[in-house]
1. Just the projected area, averaged over all directions, of the convex hull on the alpha carbon atoms of segment 64-178: how many nm²?
2. Under 27 Å Cα-Cα from K38, which lysines qualify once same-chain neighbours fewer than 8 residues away are excluded?
3. Determine the sum of side-chain charges near S135: Lys and Arg each +1, Asp and Glu each -1, restricted to other residues whose C-beta is under 11 angstrom from that of S135.
4. Please give the helix 2-20 orientation as an angle from the longest Cα principal axis of the chain, in degrees from 0 to 90, rounded to the nearest 10.
5. Can you give me the orientation-averaged projected area of the convex hull built on the Cα atoms of the chain, in nm²?
6. For segment 127-208, what ratio Rg/Rh do Cα atoms give with a Kirkwood hydrodynamic radius?
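Where a number appears in this text, it was derived from the coordinates with a stated rule and is not lab data. Please read these numbers as outputs of a predicted model, since none were measured by experiment. Counting neighbours? That spans all protein chains shown, and the Cβs are built from the backbone with ideal geometry, glycine included.
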Amino acid sequence: MHRALLVSSLALTAALVPATSAFAYGQGDLYTRFGVAKVAPQSDNGDFGAPLDMDIDAADDSGFAFTLGYRFQDKLGVELLAAQRFEHQVRLNGSDMASIHHLPPTLTLQYYPLGGTNARVQPYLGAGINYTHFSDEKLDGGELELDDSWGGAAQVGVDLLIDDHWALNAAAWYLDIDSDATATLGGTDYDAKLHIDPIVVMGGLSYRF
């Protein structure tokens with residue numbers, strides 16, 4: 001009799017756990033994601049016109065990045081992307097002649113189609129705004145200056161839940177980064193419009209507080 005009651009109680013508990021489990025990521029969750037991110041600018045980023053006639057091509061770079069996020073509804077949240085400064089070598093007509101540093105903080109509104117459920121796979125989509133600050137621009141034999149940029153952002157990602165707090169994470173962003181660039185050579189200024197528009201790919205971990 002007691003054994004039957006125990007089995008029945010365990011069965012009832014098992015049936016109730018999914019409905020109340022902390023695994024149900026959703027409203028009220030505060031979390032961070034962190035890992036290594038690769039910033040890959042599009043090719044052919046612009047050109048300095050005549051008389052320089054120089055094509056501009058920014059190389060990829062990788063570094064540490066992290067996000068802070070909050071779910072204000074089961075299926076909706078906001079997330080801020082931050083990172084260490086990225087450095088890109090810049091080729092002019094195929095030769096490494098310049099370098100730039102930038103910080104690309106990005107704020108997105110996110111949609112979680114499986115939010116509020118116990119699914120261990122939690123995909124998400126995001127859209128928002130990016131601000132990019134350029135610094136420490138260098139140009140062989142001259143000076144280089146890039147204006148800061150505001151632009152749109154799109155995001156896709158997925159958490160693979162490990163337990164109540166930890167998850168594996170993979171995410172990608174498209175950032176609309178356009179900047180007015182000025183190269184000064186021999187006392188003369190030359191202007192160009194840069195279209196960097198990188199894909200940012202990050203892999204790492206997610207932690208829910």
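1. Working: hull surface 33.2 nm².
Seen from a random direction, the Cα hull of segment 64-178 projects 8.3 nm² on average.
2. The qualifying lysines are K138, K193.
3. Working: positive: R85, K138; negative: E87, D136, E137, E145, D148.
After counting each charged neighbour, the total is -3.
4. The angle comes out near 30 degrees.
5. Numbers: hull surface 51.1 nm².
Projected over every direction and averaged, the Cα hull of the chain covers 12.8 nm².
6. Numbers: Rg = 18.3 Å, Rh = 15.3 Å.
Expressed as Rg/Rh, it is 1.20.
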